[in-house]
Ligand SMILES: *Cc1c(COP(=O)(O)O)cnc(C)c1O
C-alpha cells in the first residue's frame with residue numbers, strides 16, 4: 001500500500017481554539033454590525049480572514065528570536081538577513097521595511113511621478129494605492145482567461161504580452177517600471193509561468209522599462225513552476241527562485257506571506273541608482289538602513305523563514321492543504337474559482353446564494369452565514385470591497401462577488417479543513433432558504449469594507 005501524504009513537520013507548541021454556540025455568534029455578529037472585521041478574534045473558531053502575518057513560526061525561527069541583535073546601526077541581525085536575501089534572490093542591495101506596503105512606499109517615493117503609467121498583472125490594492133496616490137495610473141495587463149472562474153489553465157496569473165506591449169508602446173518615456181506580481185493575488189493566487197516571466201521582462205527591457213517583482217508569494221509561485229511547467233520538475237525551489245529573479249530588476253516583498261513571519265518586508269535590487277534613491281526615503285519613513293522598521297529579532301526570524309519556505313517539502317505541505325480543501329468542495333459541488341491557487345479559496349457567492357438579490361450583497365451574506373454556522377471567518381471580496389464609483393457614487397456591481405477563505409501557513413490541520421468544508425456544505429444545502437441579504441447602514445467614503453456597518457434583511 002502506498003503511504004499517504006502527511007505534513008513535513010510536527011507540532012511542538014499549541015494554541016487553544018475557542019468554540020462558541022450559534023446563539024453567541026448571532027449576538028456577536030450583530031454587535032459587529034454584520035462585518036467580520038469588527039469581531040474580536042476570540043469570537044472566531046477558525047480564522048481564514050487572511051494568510052498575511054498569520055502563519056506559525058518554526059522552532060528554528062523562535063530560537064533565532066533570542067539571538068536578535070538590537071543595535072541601532074550595523075546589527076548582526078541585518079547582515080544575517082541581508083546575506084540570506086542576496087543568496088536566495090541574487091540581489092546585491094537590500095533595504096528592510098516593516099511590511100510590503102512600506103517597501104512600495106519607499107521605492108515608489110523615488111520612482112513614481114505624476115502622470116506616470118505603470119502596467120502590471122493585477123496590481124495588489126496597496127500597490128495600486130501607492131501608484132494612484134502619486135497621481136500616476138496602474139493598468140492591468142493580466143490575460144483575459146483569468147476572468148473566467150471555471151477555466152482550468154496552469155498559469156492563470158500570466159501577463160498578456162499583447163496588452164503589455166500596447167501600454168509600453170503608447171506610453172514611451174512615461175513608464176518608470178512594470179510590476180510583475182507572483183503569485184497574482186488579485187485573480188486568486190494564480191501563478192505566473194517562468195516562460196511568461198522571461199518574456200515579460202524581455203518585452204519591457206526592449207522598451208527600456210525595468211521590472212519590479214511584487215513578491216509576497218514568490219515561493220508558492222516557484223512551487224507551481226516546479227510542478228506544472230515543463231523542464232522544472234528536477235530543479236529545486238531555490239534554483240527556480242534564483243532564475244525567476246535573474247530576469248527582473250528589483251523586488252518588493254511582503255514577508256508576512258512567504259517569509260513566514262508575522263511582520264516584515266523589504267526591497268532588493270542590483271540597481272545602485274535605485275538603491276541610492278530608495279535609501280533617502282527609507283530613513284524618514286522606516287528608520288535606519290539596517291533595521292527599516294523591524295527589530296533585530298524579526299530580521300533573524302525572517303532570514304530563517306525565507307530559507308525554510310524555499311524548501312520543497314514546506315511548500316508541498318502548504319499547497320496540498322489548500323488543494324485538499326478544494327477537493328472537499330468538489331465533492332460537495334460548491335462552486336469556487338478554478339483551479340484553486342496557492343493561498344486561498346474563492347467561493348462564487350452569487351452562484352451559491354442565487355436567491356439573494358445582487359443589491360443585497362450575496363458574498364457578504366455568505367460570509368455572515370458561514371460565521372453563524374461554525375464560527376469560521378472568511379472575507380468578502382465582492383461588491384462591498386468594490387466601493388462606489390468615484391463619479392456617480394453608485395455601488396459597483398459589475399465585478400465578481402466572492403467569499404475568500406485564506407489558509408494561514410502551518411496553523412490548521414486537515415481536520416480543520418474538514419470543518420470548513422462541512423460548514424460550507426451545511427450553508428450550501430439550505431441555500432434556497434436564504435432569500436435576504438444585508439443593507440448598508442453606514443460606510444466610510446473609501447475602503448469601506450473594513451468598517452462598514454450592515455443590517456441583516458428579512
Ligand atoms: C500583502 C501584499 C502586499 C502588501 O503587503 P503588506 O505586508 O500587507 O503591507 C503587496 N503585494 C501583494 C501581492 C500582497 O499580497
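No lab work stands behind these numbers, since they all come straight from the coordinates. If you're wondering where the values come from, they're calculated on a predicted model, not measured in any experiment. Ideal geometry is used to build each Cβ from the backbone, glycine not excepted, and the neighbour counts take in all protein chains shown.
Based on the alpha-carbon gyration tensor of region 59-308 and its eigenvalue square roots a ≥ b ≥ c, which shape applies: rounded if a/c is under 1.5, prolate if not and a/b is larger than b/c, or oblate? Write out the running numbers ahead of the final one.
Values: a/c = 1.95, a/b = 1.29, b/c = 1.51.
Oblate, because a/c is 1.5 or more while a/b does not exceed b/c.
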Anisotropy class of region 181-302 from Cα gyration tensor, a/c 1.5 cut: oblate
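Please give the calculated 222 nm ellipticity per residue for the chain, where each DSSP H segment of at least 4 residues contributes -39500 (n - 2.57) and the sum is spread over every residue; nearest 500 deg cm²/dmol? It would help to have the intermediate numbers written out before the result.
Values: 15 runs with 177 residues, N = 458.
Taken over the chain, the calculation gives -12000 deg cm²/dmol.
Taking Cα pairs under 8 Å and at least six residues apart, what relative contact order does region 59-308 come out at, in percent? All intermediate terms of the calculation are to be shown ahead of the outcome.
On the way: 518 pairs, mean separation 82.0, N = 250.
Relative contact order comes out at 33 percent.
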Sorted by Cβ density within 10 Å, fewest first, the residues 87, 377, 22: 22, 87, 377
Euclidean distance between Cα centres, region 270-322 to region 363-386, Å: 32
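Any idea what % of Cα-Cα pairs in region 254-307 are farther than 17 Å? Provide the component values of the computation, followed by the final result.
Numbers: 587 of 1431 pairs.
Of the Cα pairs, 41 percent sit more than 17 Å apart.
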Column: log10 I(q)/I(0), Debye, Cα scatterers of region 123-259, q = 0.11 Å⁻¹: -0.37
Region 405-448 versus region 72-147: alpha-carbon centroid distance in Å: 31
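For the chain, go through all pairs of different Cα atoms, get the mean of 1/r, take its inverse, and jot down that Kirkwood value in Å. Walk me through the numbers before you get to the answer.
On the way: mean 1/r = 0.0438 Å⁻¹.
The answer is 22.8 Å.
How would you rank 212, 340, going from fewest to most other Cβ atoms within 10 Å of each one's own Cβ?
Details: 212 27, 340 23.
Fewest-to-most ranking of 212, 340: 340, 212.
Tell me whether region 17-148 comes out rounded, prolate or oblate; compute the Cα gyration tensor, take square roots of the eigenvalues as a ≥ b ≥ c, and use a/c under 1.5 as the rounded threshold.
Values: a/c = 2.28, a/b = 1.19, b/c = 1.92.
Because a/c hits 1.5 or more and a/b fails to exceed b/c, region 17-148 counts as oblate.
Ranking 410, 18, 388, 404 by Cβ neighbours within 10 Å, fewest first, what do you get?
Working: 410 21, 18 10, 388 14, 404 25.
Arranged by neighbour count, lowest to highest, 410, 18, 388, 404 become 18, 388, 410, 404.
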The chain - percent relative contact order, Cα under 8 Å, separation 6 or more: 22
